[in-house]
Amino acid sequence: MGIRTFRRALALSVLLLSLLTIGSMAAGCSSNGDEPVTTTSSGPITTQTATTGATTTSTTESLMTEWDRLLRDNSKVQHELAIYLSQGVEDDDPLMGLYRGLQARTRALTCRKALAERDLDLADAAMLEVYYAMNLGRDVAQGSTGETLADAYGIIETLGSPSRAPDESAALLDRFIESLAPLLDEATGLLASTTT
């Protein structure tokens, strides 16, 4: 059953990363720079030349919120770690604590973004996932990862449903997200050491 849980988490991570990528691409889509684009408004018809790829990238980047950027970056590292761990790491391996910590941070970023957008239902659902990932991670993490997860859990332990007190929850989630930031460096270092 443990491997199924890991595979579900891996699939969810891949889905989240894919959705962020597709959303980013869709937000910045334009036609080929050589083809004219015709737009109609209440005035006369005008013809404009669409932007090229380099401008599209900066346009897409500018459309992303800070929460989107943090989610993208965290999800990318989490996904890369999931791929590495899928090569035979058991659910009770201490490295799974690192993965679960990153998973909790991804869900917390989703929750925090939802609070910023006043989507309280999504915030509550994401918070449940934060607790789930944190509990799984704290069960297996050791060393500095275990300490990081324990300290971070102390911040949100009594938070509950963010919809009850969105502003207070946002402040706690900001602290929680920041407290888990060292896991990004730890995972990035681990991944870099395995590719050299």
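R0 = 30 Å: FRET efficiency of TYR84 with ALA116, Cβ-based, nearest 0.05? After rounding, the FRET efficiency stands at 0.45. In a Debye calculation with equal point scatterers on the alpha-carbon sites of the stretch 67-196 and no solvent, what is log10 I(q)/I(0) at q = 0.12, 0.16, 0.17 Å⁻¹? At q = 0.12, 0.16, 0.17 Å⁻¹ the computed log10 ratios are -0.41, -0.72, -0.81. Coupling constants for the stretch 69-82 follow from the phi torsions by the Karplus curve (6.51 cos²θ - 1.76 cosθ + 1.60, θ = phi - 60°), and in residue order they are 5, 5, 4, 4, 5, 5, 5, 4, 5, 4, 5, 4, 5, 4 Hz; glycine and proline get x. Annotation: peptides 73-80, 178-185, ranked by per-residue average of other Cβ atoms within 10 Å with the highest first, follow the order 73-80, 178-185. With a Förster radius of 25 Å applied to the beta-carbon distance between GLU157 and ALA181, the computed FRET efficiency rounds to 0.85.
Each reported figure results from applying straightforward, stated rules to the coordinates on display, with no laboratory input. In this text the structure is predicted, and so the values were computed from the model without any measurement. Because the Cβ atoms are built from the backbone with ideal geometry, glycine has one as well, and the counts that use them run over all protein chains shown.
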